[in-house]
1. With respect to D:Leu261, determine if the residue is free of Cβ contacts under 8 Å to residues at least 12 places away in the same chain and open to solvent by less than 20 Å² (accessible area, probe 1.4 Å).
2. Considering only region D:145-159, I want to know if a residue exists there that is within 25 Å of the chain's Cα centre (by Cα), in a helix (DSSP H, G or I) and farther than 17 Å from D:Leu23 by Cα.
3. Taking the options B:Val103, B:Val89, name whichever one is of a type in the set (Val, Ile, Thr) and assigned to a helix (DSSP H, G or I).
4. Looking at region B:144-156, is at least one residue hydroxyl-bearing (Ser, Thr, Tyr) and open to solvent by less than 10 Å² (accessible area, probe 1.4 Å)?
5. Residue under question is C:Gly132, and the condition is that it be within 26 Å of D:Glu313 (Cα to Cα) and buried (at least 22 other Cβ atoms within 10 Å of the Cβ); does it hold?
6. Scan region A:161-173 and tell me whether some residue there is under 19 Å from the mean Cα position of the chain (by Cα), within 29 Å of D:Met45 (Cβ to Cβ), modelled with pLDDT of 95 or more and not acidic (Asp, Glu).
7. Among the candidates D:Glu171, D:Glu179, D:Glu183, D:Glu203, which residue alone is within 30 Å of C:Pro236 (Cβ to Cβ) and away from every other protein chain (no Cβ under 14 Å)?
8. Could you list, in sequence order, all residues of region B:99-129 that are within 19 Å of B:Arg64 (Cα to Cα) and either of a type in the set (D, E, K, R) or open to solvent by 10 Å² or more (accessible area, probe 1.4 Å) (or both)?
4 protein chains.
Amino acid sequence: MADNTLNTKPLKANEDADKGKYLGRTIEHIDIVKNPGIVPVVEAMAHMAFSSRDLHRAADIYDRMLRDKECGVILCLAGSLISAGLKKVFVDMIRNNMVDAIVSTGANMVDQDFFEALGFRHYIAGEELKSGLYDGELREHAIDRIYDTLISEDDLRICDEVTGKIFDELEPRPYSSRELLREFGVYLDKNGGPKCADSIIYEAYKRDVPIFCPAFSDCSAGFGLVAIQAAKGDAPHMSWDGGKDFYELTQLKIKNKETGLFMIGGGVPKNFTQDIVVAAEVLGHDAPMHKYAVQVTVADVRDGALSSSTLKEASSWGKVDTVYEQMVFSEATLAVPLIVGYAYHKGGWKVRQGKRWNQTLEPANVA
Amino acid sequence: MADNTLNTKPLKANEDADKGKYLGRTIEHIDIVKNPGIVPVVEAMAHMAFSSRDLHRAADIYDRMLRDKECGVILCLAGSLISAGLKKVFVDMIRNNMVDAIVSTGANMVDQDFFEALGFRHYIAGEELKSGLYDGELREHAIDRIYDTLISEDDLRICDEVTGKIFDELEPRPYSSRELLREFGVYLDKNGGPKCADSIIYEAYKRDVPIFCPAFSDCSAGFGLVAIQAAKGDAPHMSWDGGKDFYELTQLKIKNKETGLFMIGGGVPKNFTQDIVVAAEVLGHDAPMHKYAVQVTVADVRDGALSSSTLKEASSWGKVDTVYEQMVFSEATLAVPLIVGYAYHKGGWKVRQGKRWNQTLEPANVA
Amino acid sequence: MADNTLNTKPLKANEDADKGKYLGRTIEHIDIVKNPGIVPVVEAMAHMAFSSRDLHRAADIYDRMLRDKECGVILCLAGSLISAGLKKVFVDMIRNNMVDAIVSTGANMVDQDFFEALGFRHYIAGEELKSGLYDGELREHAIDRIYDTLISEDDLRICDEVTGKIFDELEPRPYSSRELLREFGVYLDKNGGPKCADSIIYEAYKRDVPIFCPAFSDCSAGFGLVAIQAAKGDAPHMSWDGGKDFYELTQLKIKNKETGLFMIGGGVPKNFTQDIVVAAEVLGHDAPMHKYAVQVTVADVRDGALSSSTLKEASSWGKVDTVYEQMVFSEATLAVPLIVGYAYHKGGWKVRQGKRWNQTLEPANVA
Amino acid sequence: MADNTLNTKPLKANEDADKGKYLGRTIEHIDIVKNPGIVPVVEAMAHMAFSSRDLHRAADIYDRMLRDKECGVILCLAGSLISAGLKKVFVDMIRNNMVDAIVSTGANMVDQDFFEALGFRHYIAGEELKSGLYDGELREHAIDRIYDTLISEDDLRICDEVTGKIFDELEPRPYSSRELLREFGVYLDKNGGPKCADSIIYEAYKRDVPIFCPAFSDCSAGFGLVAIQAAKGDAPHMSWDGGKDFYELTQLKIKNKETGLFMIGGGVPKNFTQDIVVAAEVLGHDAPMHKYAVQVTVADVRDGALSSSTLKEASSWGKVDTVYEQMVFSEATLAVPLIVGYAYHKGGWKVRQGKRWNQTLEPANVA
């Protein structure tokens, strides 16, 4: 793709002088590497009650996953985590072999991480905007809101467009979301790397960490898929094959029987990843339950939905073992830096090798 | 498919005498048609405060959607709603032209509605099972738990198998989930209709109401998709094309510009359906925002996730108009019978025609 | 009460023409007596899942309390319930011998019920006011906000003043909140009854149902107590003796061993009432645990606070028996009309006598 | 009181060997003084989203309160905070002039802080106990449960007894809870100080920080009050005068007009403390709204209750100013160490004097 993509004309007029007043302060990503002071705080929490004690136990289980050399670590991401300032936490996990696969909502990967890799930013919203009473005004300025965070829709449209172009240049066949996200990494690599300090997609590409988006049409990438469908109709064209996603992730479980889950939020990433144990059985393999499982969520178990369902409940389905499981009742931006910061500075990952699972799935790509 | 499918041998030995003790009481679906007494209760709530007032307003907005003849009504389903006893509510909505399209998690449609259509049931769990402390015991009996509800995994495996067979017999090409769910309806029709009183999939098939599962691999159907992928490899085979889902639903928005959303829970169904406004724009059409929107959820806005995001926030993205929008803070089994019961007995749907959108998408199928 | 009380000059100038625009629509209280249609809806919920099933069980337990002739029924009220339109529900409970004692926050009794008995009303707030962005504007008009409900502060100041006058005329000694709330009933009686259709305080007075506010200074009444303290200093004066509250409620438990709790919200009313089992033991009596217990709340157990603590947890303290206990996860305005409506129309109360516990505590007052 | 009080015979037989197996691991209180590493973590949160950004702002507002020399800082405590391991955080606040008054539930002060000061401990519950299924078993061993924390009821009965004895020795008159809690401090001082490292009651006594429990009968102290009432009847005896609590706290507001609130949880402490602005006005003083306000809570605003009501809403009542207010959506054990740790290590308190408000209320006691 030529550089001019990044200079694409805004789809909406946004030359209004006012737009800038909303987009003055950028979201900056927390750096847990610089914060060894997290460790004694989390250690003290072991002896307290309620969420603090649970958080310590979750951090300890994550540390155990990393020290268990057989264990493949799968990170599940749901909720607006990248726009919220957690990007560098996940990038540091990839850089330091603290994660072997990522299963995410499309928004975190495409609309937020790839978006920032193209040089765009998320912005801090003024307090009063959270009320929703100014959303009409934001709409007039083509500004999108995620609770307390703002995005220029013009920037997002450029991201959509780049996504569409990446898809356009692919040979016509069905792809897993993992293959497509790897192409995003290739794109960034060919264009001089990300235009920001850190990118999950790019770092994962470099280190052969597969990323799956099991509801891939449900994000910016979906617009690219729709456009191709509209343009090509019944003619051969690239498409996203969600069944292939499930097949590939299941293959990893079959080939690396011991697994641990680090889940942030619930939703499709949680359910989809838990389900690979059953899928392996369907394919005739005797895969064990996920050995370790941690989930950070504020969802309430009483609504009976999957996002809030306990990890014990998952054990009735034969998906998650119950010896090392822990849920943490906390909004993610509070708990995740503490959990990952603890595990990072405890250093269990230091003698660990990354699984480089992209090589497992695509041996042909390995030099 | 021959009847013998339904007699498939259990994958696990479950002849243990004990299993029955867990599965003695069945979930029965509430019948709002029989309950005109809902109307005065909901009307009284208009003059109260908090959730009751919001619930009345949501019911009133749903009634307005039905009276607005231009409006296509899209029902979004997330959470374990069918297993919870809400199936007949949704079937009655289909039967009475109160809904024109359904966007759902796969579990509600395949694991729960189709599952019951095959003659299986959901069961009431004993109170103590909710603790999770007996999940190991349940596992031994091959019983799966959804909070306070139980499922025989043997039954579920048969459902998986039927699903796999339906897929097996399809010609090799990519399908939208809507096309696949229509095939489930065809299957039921060929096999004498559902083996239970009501089925969403069957009723929707008969009345040309399209059903989309935008994360279709994330349910029992996924196991069928994985099995085919494993069996066929690179040979031509049927596959699920998630991009086609998005394309089709967007076509409906383009052809029927006025739309109203009735969302139960959040997740992918909520986001995906809101996004078709933008997708229409991407395809060069000037589709208006969703004119009406109601959401029932207990998700907390403070976690910044999509499930809990306000409908006002969606208006900043240009997805939902703000004149007729209402969120209701309630677990679904309490609020949904009241909202739908109110709209049913107010009778706004009586002069309404169903949009029969399956005919719009597949004119060749129309007799 | 002399008329001039009600004509008291507003403490703040509110002759502004604008005030009326906020206070146009009044809160009206739901009438469950007129709604027998609640019964089949709640009965259907018995066979569903999640909150609906729990709600049915709670309604059934409340019905059992009423049919158990030995059982004294204690209603615990926390949260803004009267201003939310639930007043008539509680009045109908009193009128029909469905409750023997009330333990409440002061706000529900003084600021809301007595306030309406003086002829004042609560008002429906415009949707945009819930954002909090107009609270400065409301302040300028002397309008107080409870989430989505408005109160004229001038009206509230008159209520404070009447309260102060009632206290002023009492002989100088310590009083329980029950004695004081009985005086509010006497006051209404002397002044021609409540200036509105229904009053909890008045109806309870007429039927000898004691009302306790164990944090009585934490409401409008507190201002009256402060004023007297300021005026009288060390001179003899009436005062509120919170220990006497606890003593009196404990006496009722000692004299009527079987008790059932119907708790709406948590807070001090929940804890205080549960604690009388222990208090009876401290006084050397062998009182049994509360035999029945129902709580309606949305509080989350994971914060470890008393409001959200399970009724099972209360059994570890020896306060609540576990055979008939049920928590319902619902905002009160949805669940309470269904639970009480069910019990009312099932009619278990019809052969029940009210305990007339005010006579137990003050035999001298009985004619 | 003689030492033998502490050796009082257990009220229940607990010589069973089993009891120890539940009470093996003690709760230990987090020490924020040792953790300067909190500061950069909280500073990074300023540039993130959701709860982290709110937490930073709350910490910053607390730091501003401390740097504003006119401002009296009032700490409001609701929820089981001391048993959860936060005691030393609050003690360090007192020691370093970071708080001028405390308004608390009785449980935090009497059942938990004073309890530990008598040498007793809180214990970590085994994970399975949280289910509530073992509460009958706990009851048999006279062990009380607070979610995931255990207490020996025998220890608690001794605490009740000591409380009763302190009350017994007081001259017969009405007391504010502040006066009574000061007597608890005197008791500890006379008996060699607390039998543990840190005590809020003791430290507050030494530094003239008043502690109010506006629902004082609703805790262990209530049992003492009940016992005296039972023993003395109409004879003169000490009593708790809740109106005096309100009067005294209002006096502090009148004498020190600028105030800031640091609220943990909601309940009576939140409402009562906000109300003193109105009480001051009732007494004819023109007290300004609370200038600063921070609340840590997970309560959901949609239930309309006071605990969850926004600080903006409080401004409509004229209680809290809106320039420096911030709510933080987090369970307390996660957020409180971060907020107080930040403010401690930023050192704004270093040039601050404690207000020694007990001297304001009882000038006679000043040497």
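1. In short, no.
2. yes
3. B:Val89
4. So far as region B:144-156 goes, yes, one or more of its residues are hydroxyl-bearing (Ser, Thr, Tyr) and open to solvent by less than 10 Å² (accessible area, probe 1.4 Å).
5. yes
6. First, pick out the residues of region A:161-173 that are under 19 Å from the mean Cα position of the chain (by Cα): A:163.
Applying the additional criterion that residues be within 29 Å of D:Met45 (Cβ to Cβ) yields none.
No: region A:161-173 contains no residue that is under 19 Å from the mean Cα position of the chain (by Cα), within 29 Å of D:Met45 (Cβ to Cβ), modelled with pLDDT of 95 or more and not acidic (Asp, Glu).
7. Details: D:Glu171 fails: away from every other protein chain (no Cβ under 14 Å); D:Glu179 fails: away from every other protein chain (no Cβ under 14 Å); D:Glu203 fails: within 30 Å of C:Pro236 (Cβ to Cβ).
Result of the check over D:Glu171, D:Glu179, D:Glu183, D:Glu203: D:Glu183.
8. Correct list: B:Asp100 only.
The values are calculated or read from the model by the stated rules, or taken from the named source; none is laboratory data. The structure presented is a predicted model; accordingly, all values stated were derived computationally and were not measured. Using ideal geometry, Cβ is built from the backbone for each residue, glycine included, and neighbour counts are taken over all protein chains shown. These accessible areas exclude ligands, DNA and RNA; they are computed on the full protein's heavy atoms, side chains included. Shrake-Rupley method; radii C 1.70, N 1.55, O 1.52, S 1.80 Å.
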